[in-house]
Amino acid sequence: MNGVVTWFGTWLIVIIGTMILVRTDWGRPIVYGMIWLAVLLLVVSHANELTSMFSLEALQLNG
Amino acid sequence: MSRQKSMAAIQAALAANTGPALPASSQGASSPLVPGSPGSPISDRISGLKGVTADQKRAYDIERQERLDQKKELLEKETRFKKDLIEREAEFKKQEAAEEAEKSALAQNTQKTLDAAKNIVKDTGVRISGIPTPGGIVFPLVVLLVFFMLLVPVNGHTRATWLWLVLSGNAEVSLTANGGSSAGQETGSGAAKASSSTSTSATTSATTALPALSIPMPLPVFTGVEGMIPL
């Protein structure tokens with residue numbers, strides 16, 4: 001329960017902070033860059049899943 | 001003690017004022033030349049008094065001279081002290097003025113530094129706000145969510161994979177015995193029952209050439225001729 005509350009609270013703070021930043025002129029590009037950075041990190045950290053999606057078996061199966 | 005006695009005697013005699021009578025022409029005039037007149041030196045007045053010896057007179061003179069010297073010295077000390085005081089005051093005022101000038105210079109420099117820092121921050125803010133954001137904030141957020149669905153595995157498969165399995169009929173979301181809901185269970189109805197590492201395919205006839213799959217194959221499409229053509 002404690003972990004859930006911490007997780008939830010942290011995400012809430014991050015979201016609120018991001019919303020405040022986005023409202024400013026200088027904060028918008030920063031948030032934009034941070035989201036793209038998150039996309040990049042996600043792709044890099046889950047490269048295995050990405051490559052397995054485009055493997056021969058998967059393409060054969062899904063195609 | 002003898003000096004004190006002689007001084008006391010002279011003072012008593014002066015107080016009594018038993019000196020010689022003044023000549024008529026000098027009465028009321030204070031001439032220094034007439035002995036005994038108010039303007040004449042005190043030693044002459046003393047010599048005119050009765051009962052005052054030369055020694056007493058000498059002692060009186062000496063003491064008087066000493067007192068005069070002391071007075072002179074005190075006056076000199078006072079003037080020197082006043083001079084010193086005036087000089088110190090002037091120096092102190094100079095120091096105060098210098099400190100004031102230094103403080104005002106420091107305050108001015110601090111203000112200049114703060115203004116420069118504010119300008120730098122403002123310029124940086126202006127430059128950052130000039131960076132373009134094509135697609136806005138929404139586009140990268142959507143891309144992030146799509147990649148979350150495609151790449152982050154949950155219970156062995158990614159969400160996109162689970163979606164595919166559900167759509168193809170090889171998985172379902174069902175309630176468990178405890179009343180909760182499971183994230184996904186793969187069904188094995190006629191098709192391969194997939195596990196996370198190995199796959200045992202019941203319908204291997206069509207796929208013998210392929211290696212073991214981690215994702216079950218979809219159900220074969222019924223063409224209507226399997227029962228008619230002898231195999």
Worksheet item: Going through segment A:1-33 one residue at a time, which ones are surrounded by 10 or more Cβ atoms within 10 Å (Cβ to Cβ) and part of a loop (DSSP other than H, G, I, E, B)?
Response: A:24, A:25, A:26
Worksheet item: Across segment B:138-172, which residue is farthest from residue A:40 (Cα to Cα) among those that are at pLDDT 90 or above and more than 8 Å from chain A (Cβ to nearest Cβ)?
Response: B:138
Practice prompt. For residue B:122, state whether it is of a type in the set (Lys, Arg) and more than 14 Å from chain A (Cβ to nearest Cβ).
Written response: no
Discussion item. I need the full set of residues from segment B:48-67 which are outside any loop (DSSP other than H, G, I, E, B) and open to solvent by 80 Å² or more (accessible area, probe 1.4 Å), in order please.
Written reply: B:55, B:58, B:62, B:64, B:65, B:66, B:67
Item to complete: For segment A:25-47, enumerate the residues that are farther than 14 Å from residue B:144 by Cβ and more than 8 Å from every other protein chain (Cβ to nearest Cβ).
Response: A:27, A:47
Fill in: Failed condition for residue B:115, given (1) surrounded by 11 or more Cβ atoms within 10 Å (Cβ to Cβ); (2) modelled with pLDDT of 90 or more
(1)
Response to the item:
Of the listed residues (B:135, B:125), the one being part of a loop (DSSP other than H, G, I, E, B) and at pLDDT 55 or above is B:135
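The values are calculated or read from the model by the stated rules, or taken from the named source; none is laboratory data. The model shown is predicted, which means the values in this text are computed figures rather than measured ones. Don't worry about glycine lacking a Cβ; one is built from the backbone with ideal geometry, like all the others, and counts go over all protein chains shown. Surface accessibility is based on the protein's heavy atoms, side chains included, excluding ligands, DNA and RNA. Shrake-Rupley method; radii C 1.70, N 1.55, O 1.52, S 1.80 Å.
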